[in-house]
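Some notes on the structure that comes next.
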Amino acid sequence: MSSVSQIVQKVRSKNAGPFWLTIDIFCGTPAAYAQIVEGLSTARIAALFKTTPDQIKRFDIADLNVIKFSLPRPTIQGSRTDRDMHGAGWAPLVAELDIN
Amino acid sequence: MTRVLIPSGALGLGYDKVALERAVTAKPDLIAIDGGSTDSGPSYLGRGVSKYARESTKAEWQGLIEARIAADCPLVIGTAGTCGTDSTVDWLYEITLEILSDLGATAKIARLYSEQDPRKIARSSLTPLSAAPDIDTATIESCTHIVALAGAEQINAALETGADIIIAGRTTDTAIIAALPLANGNHAGGAWHGAKIGECGALCATNPQSGVILVDFDDTGFTVTPMADGAFATPHTVSAHMLYENSDPFILYEPGGYLDVTGAKYTAIDERSVRVDGSKWVPSDAYSVKLEGARITGYQTILMAILRDAHYVENAQSWCDDILLKHGLKVADRIGLDPATWHAELRIIGQDANLGYLETRTSNATELGVLAILTAPDQATANTLGKLMNPYLLHHPLTQAEEQPTFAFPFSPAEIDRGAAYEFVLHHVMELADPMDAFRLEVTDV
């Protein structure tokens, strides 16, 4: 079993405006891409963010060896409960997931 | 063909001067640069101020004004001064006047204002976008600033005045780049797609810090070329840029329609440039612009303490929970404040301060920072809440049995007044009968 970060090149999370978060998994190779597409379900990402799968937009982009997830931001950017203005700190959550 | 020079992703980030000179000799038809975004948070829009130092802005803007004179083409900035309020447009206008005076140069300057009257917006019909917060009339009216995002139409109205320099308030990142190719009749899908690829400067290439790129727009698509030494655009770097800060990498909504890049083909022309064709622009029936608004959510005072004693590091969460409980009782006793009007929070840095309830790992830290955040309806009350918190952070024991501990405070006074805290409140669009209905143009010869 390996973590996402051991398989892929890079995981990036960023604001997509103040109300959305987007996570890009740059797999680097078709093999790594196939492993993540196969091994990382949308339901698992939803559970990680304590939300439901219908809230997650998923894009499997084979041309780029990229899997992209977008979801409503767990907290609205800059609101009193927000902890991460630029949204980059959510990436490690995904990077540390174990993939079979 | 329309050639647009983009010096960097934002004014204030810096650009490669040699690459800029090289790009100017390639005779661009327009120099376009973005001045901001919401990415740094609601405070800038809430206050109507720029994130970047005036000195950086002036130095970089002067370089672009000189480039404009050398290239003999218009220079346009969108979302001037980070947030694109009227105050930041005027701020950059003042800087522009200083620069022109220093250079002994003249220019026709168009200012495009995007700011909206909150009372008028509160009475307008708004459509929420996905994941928009709930709003009511009072929420909208309480905004300190509301801006509408101008599209290509408003930028073209400014260009049509014959202005040499256009200082625009809030615009979409892409509009300042797409406007001229659209006015010139270039391919609409290519105009918007090339603008999206170019809006962060050389971020669509290798050596992204170099900033400067050229985008050539024509009848079928566009070609992007980074200008710095060591900067190369490849089909991969260019197409991957559609992922950046975008919730959907194929569809991009703009005033008046949307861009669909599902069918786009990216081809390497040489080792430096990429050609893109096959992007599609889908016009909408109605013309809508997106709104952004910010309002004060309270005033804050913060404190920081550091726990190094292993016993306290291990029990930091219960220590914090107990402090919050006792602080709450103290607030009720000393100032009798309605609990609904204020808020206290302790974030444990080294444990879960970044991710909060989503954290999946357990900490094994040597020391922990405890960040106290007090929020109240005014600064004086927030400061009082901080002063009531101070003795706990300094001396609170985990049990009555132990000797009184003392923790590390990095500052005196420990209470730091943060001023107003702002929040974004609008994620809505507003329909306009005419694109200029929500915008104003002012043209001056300087």
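The values are calculated or read from the model by the stated rules, or taken from the named source; none is laboratory data. As the structure is a prediction and not an experimental result, all values here were calculated from the model. All Cβ positions, glycine included, derive from the backbone under ideal geometry; neighbour counts span all protein chains shown.
Worth pointing out:
- Failed item in (1) at the interface with another protein chain (Cβ under 10 Å from one of its Cβ atoms); (2) touching a residue at least 24 places away in the same chain (Cβ under 8 Å), with A:Ala95 passing the rest: (1)
- Residue check for B:Leu5: modelled with pLDDT of 95 or more and in contact with a Leu (Cβ under 9 Å, 6 or more places away or on another chain): yes
- Residue, nearest to A:Ser3 (Cα to Cα), within segment B:342-383, restricted to residues that are crowded, with 19+ Cβ neighbours inside 10 Å and either hydroxyl-bearing (Ser, Thr, Tyr) or not assigned by TED's automatic domain parsing to the domain that holds B:Arg308 (or both): B:Thr375
- Residue selection: B:Leu64 fails the criterion of being in a loop (DSSP other than H, G, I, E, B) and either at negative phi or within 14 Å of chain A (Cβ to nearest Cβ) (or both).
- Only a single criterion out of (1) out of contact with any Pro (no Cβ under 7 Å at 6 or more places or on another chain); (2) at pLDDT 95 or above is not satisfied by B:Leu337, namely (2).
- None of A:Ser79, A:Ser13, A:Ser3 is surrounded by 18 or more Cβ atoms within 10 Å (Cβ to Cβ) and either without any contact (Cβ under 8 Å) to a residue 60 or more places away in the chain or more than 11 Å from chain B (Cβ to nearest Cβ) (or both) except A:Ser79.
- Residues of segment A:1-44 classified as of a type in the set (Asp, Glu), in a strand (DSSP E or B) and farther than 15 Å from A:Gly87 by Cα, total: 0
- When restricted to residues that are in a helix (DSSP H, G or I), of a type outside the set (D, E, K, R) and either more than 18 Å from A:Val4 (Cβ to Cβ) or away from every other protein chain (no Cβ under 11 Å) (or both), segment A:45-59 contains 4.
- From the options B:Ala305, B:Ala294, residue that is under 28 Å from the mean Cα position of the chain (by Cα) and on the phi < 0 side of the Ramachandran plot: B:Ala294
- Considering residues of segment B:95-116 that are touching a residue at least 40 places away in the same chain (Cβ under 8 Å) and of a type in the set (S, T, N, Q) only, the residue surrounded by the fewest Cβ atoms within 10 Å (Cβ to Cβ): B:Thr106
- Segment B:330-341: number of residues that are assigned to a helix (DSSP H, G or I) and surrounded by 11 or more Cβ atoms within 10 Å (Cβ to Cβ): 5
- Some residue of segment B:274-283 being at positive phi, out of contact with any Cys (no Cβ under 6 Å at 6 or more places or on another chain) and within 14 Å of chain A (Cβ to nearest Cβ): yes
- So B:Asp134, is it in contact (Cβ under 8 Å) with a residue 24 or more places away in the chain, of a type in the set (Asp, Glu), under 22 Å from A:Met85 (Cα atoms) and within 14 Å of chain A (Cβ to nearest Cβ): no
- Residue satisfying all of: in segment A:82-92; at the interface with chain B (Cβ under 7 Å from one of its Cβ atoms) and assigned to a loop (DSSP other than H, G, I, E, B); farthest from B:Tyr299 (Cα to Cα) among these: A:His86
- Scanning segment B:384-394 for residues that are free of Cβ contacts under 8 Å to residues at least 60 places away in the same chain and either surrounded by 18 or more Cβ atoms within 10 Å (Cβ to Cβ) or outside the structural domain of B:Ala305 (by TED's automatic domain parsing) (or both) yields a total of 1.
- Selection within segment B:72-94 - surrounded by fewer than 22 Cβ atoms within 10 Å (Cβ to Cβ) and part of a helix (DSSP H, G or I): B:Asp86, B:Ser87, B:Asp90, B:Trp91, B:Tyr93, B:Glu94
- Qualifying residue in segment A:60-73 (condition: at the interface with chain B (Cβ under 9 Å from one of its Cβ atoms), among the charged types (D, E, K, R) and buried (at least 17 other Cβ atoms within 10 Å of the Cβ)): yes
- Residues considered: B:Ser50, B:Ser40. Of these, the only one that is among the polar types (S, T, N, Q), within 14 Å of chain A (Cβ to nearest Cβ), touching a residue at least 12 places away in the same chain (Cβ under 8 Å) and farther than 24 Å from B:Val215 by Cβ is B:Ser40.
- Members of segment B:276-311 that are surrounded by fewer than 21 Cβ atoms within 10 Å (Cβ to Cβ) and over 30 Å from B:Asp117 (Cβ atoms): B:Asp277, B:Gly278, B:Lys280, B:Trp281, B:Val282, B:Ile302, B:Met304, B:Ile306, B:Arg308, B:Asp309, B:Ala310, B:His311
- Residue tally, condition aromatic (Phe, Trp, Tyr) and assigned to a loop (DSSP other than H, G, I, E, B), over segment B:2-51: 1
- Check on A:Leu40, touching a residue at least 40 places away in the same chain (Cβ under 8 Å), facing chain B (nearest Cβ under 10 Å), surrounded by 15 or more Cβ atoms within 10 Å (Cβ to Cβ) and more than 30 Å from B:Thr267 (Cα to Cα): no
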